[in-house]
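Reading through the structure tokens given below for one structure.
Read the figures in this text as sums done on the coordinates, not as results from a lab. These numbers were taken from a predicted model, which means no experiment stands behind them. Glycine also receives a Cβ, built like all others from the backbone with ideal geometry; neighbour counts cover every protein chain displayed.
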Amino acid sequence: MHHNPNLLSRFLTLHNQIKFGTILLLLAFSAVAVTFLNGLHEMLELVSWNAQANEVTNRLYAVDRKLLDENLSDKARTIALENLMDEANSLNKLLDTDSQQRERLARLQEALGNWQGRADLVGKMRGQIRELLQSQAQLVTQKQAEAERLHRRLLLTGGILCLLIGGLALLFSGWLTRRITEPVQQLLVAMERVSLGDVAPHVEDQNPNELGQLARAFNQMAESLSARQTKNRELDELYYFNTMLQTSESESEIHRALLQQVRTLNLSQALILDWEKDIGGLIVVAALYPLPEAGADGFSSHYQIPLCRVVRSGREVVLPDLSSDLICTNCHFGQQRGSAYCVPIIASGKPIGALHLVSTQLDYWTADRQRLIKAFVDQAAAAIHNLRLMDQLRGRALMDEQTQVHNRRYLDDYLRKQLAVADRQRRYLSIMMLDIDYFKRFNDTYGHEAGDIVLKQFAQALKGALREGEMIARYGGEEFTVVLHGNAREAQTLAERLRRAVASLSFSQFTTNGEDVKITMSIGIAEFPSSGHTLEEILKAADLALYQAKDAGRNCVKVATRTLLRVRAAMQ
């Protein structure tokens, strides 16, 4: 993953700004809190001072009233003056900040000290008490004004403090959300996605606390589930592919199944190459997409590729970048950008071909993709090997062991298929019945071992004279059948060629009157559809023509005409 450096720089700058703002907010909160506490302390002191001042003032008023009382005895007045002295001392503690008040109080204390029951000083003391009370009232008023100013300051400071507390609460809430709420929410969302079948969610696990450990544990669980799900999906694909292979009856069906399986990949081309002994190289037998100048089937058999290193070594090859590849260019068909992966198809320990995959993406072939494709190819290779083995076994079961040509079982199956094709395509199909003339006499004269030798050479001579698309099979005993696509006239031409090839055979190991033994054969021909429409009708018509050839003196060719068929039918 590539990060945008500008975006990352802006993120870091914003992060640092948030941290710096948080620090400033904490410092401001501390300063305002200290100011608020100091103001609160001063307010408490003012309240305490005011309470004490009120109490002393009330006592001074009480003493003043007693001094004013004319009926008060000298002893009571003396006690009142002594109380006045105590109140003055108390008031002195309250007025330590006011020099004028302290001076007045000092005169009062001096007068009280000179008091020895002198009545003439009572009036003077009462005047000083009133002055003191007036000054005390003024001081109380000042203190009240100071208290009001302090109260307003406390309100302002308290408001600022509340705002700072709110800001800190928001910061704490954001921190709490970022560190706890958001991770928990991410976990809940990821768990819900897992419960719905999505095992690929990832939770950020940057927190060093228990939530981070929980996130890491969840990610490990999700990765484990994802790996298990991927493994199960691969097993399902392999099982489905194996089911398709089991129902495939030819290599072309296996090729189509393999291409269908890799179609889900991001491919620009997929080729299946088959090893051909005749050309000593590879030939394209199947392609996912049409090749240049390809036919209607999407590929062309003329695409021949020299033997590549994948087939030579039997090891897969990964090409991360086609632009730097100078070896496998024959399989890219001009594509210069992308990547390729080539896997050998190995059967019985020998490479028999390859699967060549090309993608437009560079470095597309991850280890997981390689492993899955290799598993598909291994299954396909095993299926091809089994199919070829079955073909070999089937071929052996359908071959005549003595003459090494097809047997009657193969002939019947082959004829039914070819008759159906000829009927569907409205084409001619001809069948020849061939019989060695006087073969029983030869066996009686030279023995059965000599007869076996003649049968083998006879069959190989016929087989060698046939062309592509023509088939020979042993019908039974010394009778053989040849099938070709064509009418009766074309079959007659082939029959004469075969008859001459057999007539030229010479068996030097067997002699008669000093001359090498030679053999001849009689041939009967039937044509579809004029001689019949079913397998039984065609074979019966060819057999009737063969008997006609024997009746005509042997070593000749006869065709099952409609006249012959009518005569034979009438005779029966």
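In segment 468-519, which GluC sites (Glu not before Pro) fall in coil by DSSP and have 10 or fewer other Cβ atoms within 10 Å?
GLU468
Pop out the ³J(HN,Hα) list for segment 311-320 in order, Karplus 6.51 cos²θ - 1.76 cosθ + 1.60 with θ = phi - 60°, rounded to Hz; leave Gly and Pro as x.
These are the phi-based 3J(HN,Hα) values: 6, 5, 8, x, 10, 6, 10, 10, 10, x Hz.
Rounded to the nearest 20 debye, what is the charge dipole size of segment 398-571 about its Cα centre when +1 sits on each Lys and Arg Cβ and -1 on each Asp and Glu Cβ? The partial results should precede the final answer.
Numbers: 25 positive and 23 negative charges, 136 e Å.
Here the size comes out at about 660 debye.
Using 1/(1 + (r/R0)^6) with R0 = 45 angstrom and r between the beta carbons of GLN460 and ASP378, what's the FRET efficiency to the nearest 0.05? Each step should come with its number before you reach the end.
Values: r = 40 Å, r/R0 = 0.89.
With a Förster radius of 45 Å, E is 0.65.
Taking the simple approach of a point 7 Å from Cα along Cα-to-Cβ for both ALA51 and SER348, what is their distance in nm?
It works out to 11.4 nm between the two label points.
I need the shape label for segment 398-571. Rule: rounded when a/c is under 1.5, else prolate if a/b > b/c, else oblate, with a, b, c from the alpha carbon gyration tensor. Please list the in-between numbers first.
Numbers: a/c = 2.05, a/b = 1.57, b/c = 1.30.
Cα axes put segment 398-571 in the prolate bin.
Need the full-extension length gain, ARG554 to THR534, defined as separation in residues times 0.36 nm minus the C-alpha distance. One decimal, nm.
Numbers: separation 20, 0.36 × 20 = 7.20 nm, distance 2.74 nm.
Length gained between ARG554 and THR534: 4.5 nm.
Where in segment 391-409 is the amide nitrogen less than 16 Å from a point lying 7 Å along the Cα-to-Cβ axis of HIS448?
401-403
Give me the number: length gained by fully extending GLN246 to SER224, i.e. 0.36 nm times residue separation minus the C-alpha to C-alpha distance, one decimal in nm.
Numbers: separation 22, 0.36 × 22 = 7.92 nm, distance 3.26 nm.
Taking GLN246 through SER224 to full extension adds about 4.7 nm, to one decimal.
Which trypsin sites (Lys or Arg not before Pro) does segment 329-413 hold that lie in a coil by DSSP with at most 15 other beta carbons within 10 Å?
Hits after loop and neighbour filter: ARG337.
Going through the cross-link list LYS277/LYS456; LYS417/LYS558; LYS417/LYS456; LYS231/LYS350; LYS350/LYS374; LYS350/LYS456, which pairs have a Cα-Cα distance over 22 Å in this structure? Don't skip to the answer; put the middle values down first.
Working: LYS277/LYS456 28 Å; LYS417/LYS558 25 Å; LYS417/LYS456 27 Å; LYS231/LYS350 29 Å; LYS350/LYS374 16 Å; LYS350/LYS456 34 Å.
Correct reply: LYS277/LYS456; LYS417/LYS558; LYS417/LYS456; LYS231/LYS350; LYS350/LYS456.
Amide H of ALA286: which non-local residues (sequence gap of 5 or more, or other chain) have their own amide H closer than 5 Å, using H built in the peptide plane?
Here ILE272 satisfy the definition.
Going by Cα centres, segment 237-288 and segment 456-484 are how many Å apart?
35
Once phi is turned into ³J(HN,Hα) by the Karplus curve 6.51 cos²θ - 1.76 cosθ + 1.60 with θ = phi - 60°, what whole-Hz value does each residue of segment 251-266 show in order, with x for glycine and proline?
With the stated coefficients, segment 251-266 comes to 5, 5, 5, 5, 4, 5, 5, 5, 5, 5, 6, 8, 5, 6, 6, 7 Hz.
Once the Cβ-Cβ distance between LYS440 and LEU389 is put in as r, and R0 is 35 Å, what FRET efficiency do you end up with, to the nearest 0.05?
Values: r = 40 Å, r/R0 = 1.13.
E(calc), rounded to 0.05, equals 0.30.
Using 0.36 nm per residue of separation minus the Cα-Cα distance, give me the extension gain between ALA397 and ALA169 in nm, one decimal.
On the way: separation 228, 0.36 × 228 = 82.08 nm, distance 9.14 nm.
Going from the current span to full extension adds 72.9 nm.
Assign one of three labels to segment 362-445, namely rounded, prolate or oblate, based on the Cα gyration tensor with a ≥ b ≥ c the square roots of its eigenvalues; rounded applies when a/c is under 1.5, prolate when it is not and a/b is larger than b/c, and oblate otherwise.
oblate
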